[in-house]
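To start, the structure itself, in structure tokens.
The values are calculated or read from the model by the stated rules, or taken from the named source; none is laboratory data. Note that the coordinates shown come from a computational prediction; the quantities given were computed from them, not determined experimentally. Cβ placement follows ideal geometry from the backbone for every residue including glycine, while neighbour counts extend to all protein chains displayed.
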Amino acid sequence: MGRQGPANIRFENVSKRYGTITAVDHFDLEINSGELFVLIGPSGSGKTNMLRMVNRLVEPDEGRILINGEDITLLDPFDLRRNIGYVIQHIGLFPHLTVSGNIGLVPTLAGMPGGLLQERIRHLLSLVKLSPELFMDRYPRELSGGQQQRVGLARSLAMDPPLLLMDEPFGALDPLLRHQLQQEFLGIRKQLNKTILFVTHDVEEAFRLGDRVGVVAEGKLIRVGTPEDLIMNPGSSAVASLIGGEHKMRYLDHLSVKAMMIPIDPSRILDGNLFIDNAREALITLRADYILVGREGVVEGIAYPQDLLNSGGKDLRLGGQAHKLPVFDSSTMASEALSAMKRQGVSIARISEPDGTGGLLVMDEIMRRLL
Amino acid sequence: MGHQPVRLCAVRRETLTTLLEATVVHIMLAYSGLAIAVAIGIPLAVLSLRSRTSGVIISTITGIGQAIPILALVAFMVPLAGIGFMPSVLVIVVSTLLPIVRNTYAGISSVDPELADAAAGIGLTWTETVTKVRVPLSLHAIFSGIKFSSIIANGVAIVTVLIGSGGLGVIVLRGLARFYVPEILIGILPAIAITLIADYCLSRLETRLTPTPLREKNPLIPHPAGTGTPANR
Amino acid sequence: MDTLALIAETWQTYHLTLRTVQHLEMFALSFLITVVAGIALGILFFSSINIRVVGLSTLTVIEMIPDIALLILLIPLVGIGFPPTVSAAVLYSLLPVARNTTAGLRGVSPDLIETATAVGLNKRDTLYHIRIPLALPLITAGVRIAVIFCMGIVTLGGIIGAGGLGAPLQTGITTGNDLLILVTGCWVTFLAVGMDGIAWAISRFVSVRFGGRP
């Protein structure tokens, strides 16, 4: 499979039947290199089967699966599996091997020299936040559930595979621990530089971890998209009910300001150098409740009627009376932006995009959009 | 070589009358010993259930006891109990006692604790839980022990010829002394046959005694001796 | 002091050192063959269900006759003395080892086997690195039984001319020599229980190391 970097996976029209039951039904999906793709669905929806077809624990009845363009049925299955990391819910550490024995088993069989292997094991243990000195010679039965799962993750990374398969890896842990491990996992994910296919039935987890999420029901892939896409546009009642759809408020953490912003009407932008009187006239002519102040299409501030009426001198310019708007990048999380706005006591902010366009984030509008 | 047929016939006739007698003695020897062992062993196993310490003691003693070679046990009778039929029965009791106690104990102690609890809950006394719940549920383990002991009993009954028990061992010994193979076989084959028949009878008895819902579908599958007992069959 | 001198004399007169050596030689040989062949058979039975059914049934049949009977049956086939003793010890002890090995190999959690496959181990690696280590507790339990069987049959061999400590035991019985009986009897008991004790200790160690019983 080569060491070229994170793998990309393609499922082409894959189907799997067990007797009369169709577990996987004409499944098509392309997972991009380096992506963390989450398959989510209720128990029995076929998502685990889909995952296990990638390392050939299950063979499809129809269709094919390609990794980096190669049909996996043409590859030696053992070689394939050695190059794919596999982390499962019940962890599966070998009870008769120490932690370093478990992690080092496959590399040893693959011929990795002892010294190098020791280094690697230490590195991996540190990565999963387990002190090598304390844990290397322990046996699985001496570890807690969380510690075991960290070792399980380290084991999957031993051969530095370009692809990781994770089947509800945090499912057997209590919610607090689960959250913590998810956070840690996100933390090391960038370092890993791998493609990850992750299966879960926990919507929160899917949205927290996934770059993209695929919703599976009854063996079919019914929706694919970013967490944001799925929250804002479930696309079907099945997806909506899975996500717990109507109350998008729950997902504030997963929404960026981009999903919440309203576009700016350029005709509303007046130059800050404008005299107050003219601005006041413009307000009346436009029949607007507010004026956006800025130049060359870029909004810097906002002015309300009371700001313009209260002033005295004819020499005052618009720019001086306008409130400066805080600016957020379009990728900022909505929850973060809202907290900042609340602290500053403003209810409107400007959202800027790299290409210069952007919009406004208006608190009232957010409420409207979410409910 | 020409003498052979005549000798054969002579031996045959002589051996045949002795054979019947010997077989009877053999059966009496082996199975009275076994019966006594069952009569002592099962209650002993039950008693050792009473407390943890007695359980450990019984377990250790039976474990060590089963390691002692049969010939040594037989030999020990001479200074301790003399020779003849009764000392031989004694050896058989001692050597068959241990597997019975061990297997019975293993069976009754591994009955689902919830069941024992339920039994106590509906008002059974300790003895009743044992006789009405534990023992019936451990029938297979108990019979495993008895069947294994039956084989031992037959074996020991041959060896006890050395301490004057009589029985089929006499014929075997004579055959060995003369190195006359047919005689050896005439002595040993009946013993083997008795062992097999007894095993079959014990299996039938077990099936009869086991309540219908508990009967195993295929009693011929060998079970691993996972408890370290030589007798878990 | 008197007793010790008597014991020493008995020991010398009946050549108990030689007998002990003979006894242990026969034991060591039969035990070694049993363990190697038993485990090999156990692995063989594990890999093929047909061979398993035939093999285990055959061995079970052997176990259904008393060990002395097997010993004597082998005489017409291989003679008297050493050959039938060692053969009987091996044949009789094969079943516990082979059966426990097979059961141990089959008893490894299928989840663990699947994990092993998923991680990239082929059948052979899975057998050697996962199944066999995890089957060791059951295997050693079977080997412990083999120790007891081998010791018993080797002792019996003394009756059929194989030498070993069974011979002086028989002599003691036939000549009514209580001292000889007690000295030899205690000594062979000590050896047998000692071997069993070692086997037990190894069994306990293996159970903890490979079976996860804390």
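Any residue at all in region A:29-41 that's farther than 23 Å from A:M136 by Cα, more than 12 Å from every other protein chain (Cβ to nearest Cβ) and at pLDDT below 90? Can you show your working first?
Looking only at region A:29-41, we keep the residues that are farther than 23 Å from A:M136 by Cα, and these are A:29-41.
With the extra rule that they be more than 12 Å from every other protein chain (Cβ to nearest Cβ), the set shrinks to A:29-41.
Add one more test, that the residue is at pLDDT below 90, and what stays is A:41.
Yes: one or more hits.
Please specify each residue of region B:151-169 satisfying the condition of being surrounded by 24 or more Cβ atoms within 10 Å (Cβ to Cβ), small (G, A, S) and more than 7 Å from chain C (Cβ to nearest Cβ).
B:A153, B:A157, B:S165, B:G167, B:G169
For region B:117-133, enumerate the residues that are under 29 Å from the mean Cα position of the chain (by Cα), without any contact (Cβ under 8 Å) to a residue 60 or more places away in the chain and surrounded by 17 or more Cβ atoms within 10 Å (Cβ to Cβ).
Those that are under 29 Å from the mean Cα position of the chain (by Cα), without any contact (Cβ under 8 Å) to a residue 60 or more places away in the chain and surrounded by 17 or more Cβ atoms within 10 Å (Cβ to Cβ): B:T129, B:V133.
How many residues does region C:173-196 contain that are within 16 Å of the chain's Cα centre (by Cα), more than 7 Å from chain B (Cβ to nearest Cβ) and crowded, with 16+ Cβ neighbours inside 10 Å?
Here the count works out to 2.
Give the residues of region B:29-56 that are without any contact (Cβ under 8 Å) to a residue 12 or more places away in the chain and either crowded, with 16+ Cβ neighbours inside 10 Å or of a type in the set (G, A, S) (or both), sorted by residue number.
Scanning region B:29-56 gives B:A35, B:A39, B:S51, B:S54.
I'd like the residue in region C:101-120 that is more than 7 Å from chain A (Cβ to nearest Cβ) and in a loop (DSSP other than H, G, I, E, B) and, out of all such residues, is nearest to A:M53 (Cα to Cα).
Here the answer is C:S109.
Just give me the residues in region C:14-34 being at pLDDT 90 or above and either within 27 Å of B:T195 (Cα to Cα) or in contact with a Pro (Cβ under 9 Å, 6 or more places away or on another chain) (or both), in sequence order.
Within region C:14-34, C:R19, C:F27, C:S30, C:F31, C:T34 qualify.
Kindly establish whether A:V128 is among the aliphatic types (A, V, I, L, M), under 24 Å from C:P133 (Cβ atoms) and either buried (at least 20 other Cβ atoms within 10 Å of the Cβ) or away from chain C (no Cβ under 14 Å) (or both).
So A:V128 does not fit the description; no.
Going by what's in this entry, would A:L338 be described as within 25 Å of A:M367 (Cα to Cα) and at pLDDT 80 or above?
Working: within 25 Å of A:M367 (Cα to Cα): yes; at pLDDT 80 or above: yes.
So A:L338 fits the description; yes.
Mind checking which residues of region A:249-279 are of a type in the set (V, I, T) and crowded, with 18+ Cβ neighbours inside 10 Å?
Pass one, region A:249-279, residues of a type in the set (V, I, T): A:257, A:262, A:264, A:269, A:276.
Those that are of a type in the set (V, I, T) and crowded, with 18+ Cβ neighbours inside 10 Å: A:V257, A:I264, A:I269, A:I276.
Residues checked against (1) without any contact (Cβ under 8 Å) to a residue 24 or more places away in the chain; (2) within 28 Å of B:M28 (Cβ to Cβ); (3) within 10 Å of chain C (Cβ to nearest Cβ); (4) of a type in the set (V, I, T):
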{"position": "B:Q66", "(1), (2), (3), (4)": "no, yes, yes, no"}
{"position": "B:V93", "(1), (2), (3), (4)": "no, yes, no, yes"}
{"position": "B:V101", "(1), (2), (3), (4)": "no, yes, no, yes"}
{"position": "B:V111", "(1), (2), (3), (4)": "no, no, no, yes"}
{"position": "B:P136", "(1), (2), (3), (4)": "no, no, no, no"}
{"position": "B:I171", "(1), (2), (3), (4)": "no, yes, no, yes"}
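On the given criteria, is C:T140 polar (S, T, N, Q), facing chain B (nearest Cβ under 10 Å) and crowded, with 22+ Cβ neighbours inside 10 Å? Spell out how you get there, then give the answer.
Working: polar (S, T, N, Q): yes; facing chain B (nearest Cβ under 10 Å): yes; crowded, with 22+ Cβ neighbours inside 10 Å: yes.
Taking the combined requirement at face value, the residue satisfies it.
Is it the case that region C:33-48 has a residue that's outside any helix (DSSP H, G or I) and either in contact (Cβ under 8 Å) with a residue 24 or more places away in the chain or surrounded by 22 or more Cβ atoms within 10 Å (Cβ to Cβ) (or both)?
Filtering region C:33-48 for residues outside any helix (DSSP H, G or I) gives C:48.
Among the residues that remain, those that are also either in contact (Cβ under 8 Å) with a residue 24 or more places away in the chain or surrounded by 22 or more Cβ atoms within 10 Å (Cβ to Cβ) (or both) are: none.
No, the conditions are met nowhere in region C:33-48.
With the requirement that a residue be in a loop (DSSP other than H, G, I, E, B) and in contact with a strand residue (DSSP E or B) (Cβ under 6 Å, 6 or more places away or on another chain), what does region A:283-309 give you? So that I can check it myself, show each step before the final result.
Residues of region A:283-309 in a loop (DSSP other than H, G, I, E, B): A:287-290, A:296-297, A:304.
Hit for region A:283-309 is A:Y290, nothing else.
Rundown of residues vs (1) over 22 Å from A:A303 (Cβ atoms); (2) in contact with a Phe, Trp or Tyr (Cβ under 6 Å, 6 or more places away or on another chain); (3) surrounded by 18 or more Cβ atoms within 10 Å (Cβ to Cβ), yes/no style:
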{"site": "A:S331", "(1), (2), (3)": "yes, no, no"}
{"site": "A:E336", "(1), (2), (3)": "yes, no, no"}
{"site": "A:M341", "(1), (2), (3)": "no, no, yes"}
{"site": "A:S347", "(1), (2), (3)": "no, no, no"}
{"site": "A:R350", "(1), (2), (3)": "no, no, yes"}
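Output the qualifying pairs, or none if there are none: Cβ atoms under 7 angstrom, residues six or more apart or on different chains, first residue in region A:57-83 and more than 23 Å from A:A158 (Cα to Cα), second residue small (G, A, S) and surrounded by fewer than 17 Cβ atoms within 10 Å (Cβ to Cβ).
So the pair list comes out as A:P60/A:S15; A:D61/A:S15; A:E62/A:S15; A:G63/A:S15.
Answer yes or no as to whether A:N273 is part of a helix (DSSP H, G or I), over 15 Å from A:L361 (Cα atoms) and of a type outside the set (S, T, Y).
no
For region A:312-333: of the residues being farther than 28 Å from A:P227 by Cα and charged (D, E, K, R), which is modelled with the lowest pLDDT?
Restricting to residues being farther than 28 Å from A:P227 by Cα and charged (D, E, K, R), the top hit is A:K314.
Can you tell me which residue is surrounded by the most Cβ atoms within 10 Å (Cβ to Cβ) among those in region C:155-172 that are more than 8 Å from chain B (Cβ to nearest Cβ), of a type outside the set (G, A, S) and assigned to a helix (DSSP H, G or I)? I'd like the intermediate steps shown before the answer.
Start the filter on region C:155-172 by keeping residues that are more than 8 Å from chain B (Cβ to nearest Cβ), which leaves C:157, C:161-165, C:167-168, C:171.
Within this subset, residues satisfying the condition of being of a type outside the set (G, A, S) are C:165, C:168, C:171.
Those still in the list that are assigned to a helix (DSSP H, G or I) too: C:168, C:171.
Numbers: C:P168: 30, C:T171: 16.
This residue is C:P168.
Consider region A:131-163. How many of its residues are surrounded by fewer than 19 Cβ atoms within 10 Å (Cβ to Cβ), of a type in the set (S, T, N, Q) and more than 15 Å from A:Q180 (Cβ to Cβ)?
Of the residues in region A:131-163, 1 are surrounded by fewer than 19 Cβ atoms within 10 Å (Cβ to Cβ), of a type in the set (S, T, N, Q) and more than 15 Å from A:Q180 (Cβ to Cβ).
So is B:S88 within 11 Å of chain C (Cβ to nearest Cβ), in a helix (DSSP H, G or I), surrounded by 23 or more Cβ atoms within 10 Å (Cβ to Cβ) and of a type outside the set (K, R) or not?
Details: within 11 Å of chain C (Cβ to nearest Cβ): no; in a helix (DSSP H, G or I): yes; surrounded by 23 or more Cβ atoms within 10 Å (Cβ to Cβ): yes; of a type outside the set (K, R): yes.
No; evaluated as a whole, the condition is false for this residue.
If a residue has to be over 23 Å from the mean Cα position of the chain (by Cα) and either within 8 Å of chain C (Cβ to nearest Cβ) or free of Cβ contacts under 8 Å to residues at least 60 places away in the same chain (or both) to count, how many in region B:173-183 make the cut? Reasoning before the result, please.
First, pick out the residues of region B:173-183 that are over 23 Å from the mean Cα position of the chain (by Cα): B:174-183.
Now narrow it down to the ones that are either within 8 Å of chain C (Cβ to nearest Cβ) or free of Cβ contacts under 8 Å to residues at least 60 places away in the same chain (or both): B:174-179, B:181.
The total comes to 7.
Assuming A:P60 fulfils every condition listed in (1) within 11 Å of chain C (Cβ to nearest Cβ); (2) not hydrophobic (A, V, I, L, M, F, W, C); (3) not in a helix (DSSP H, G or I) apart from one, which condition is it?
(1)
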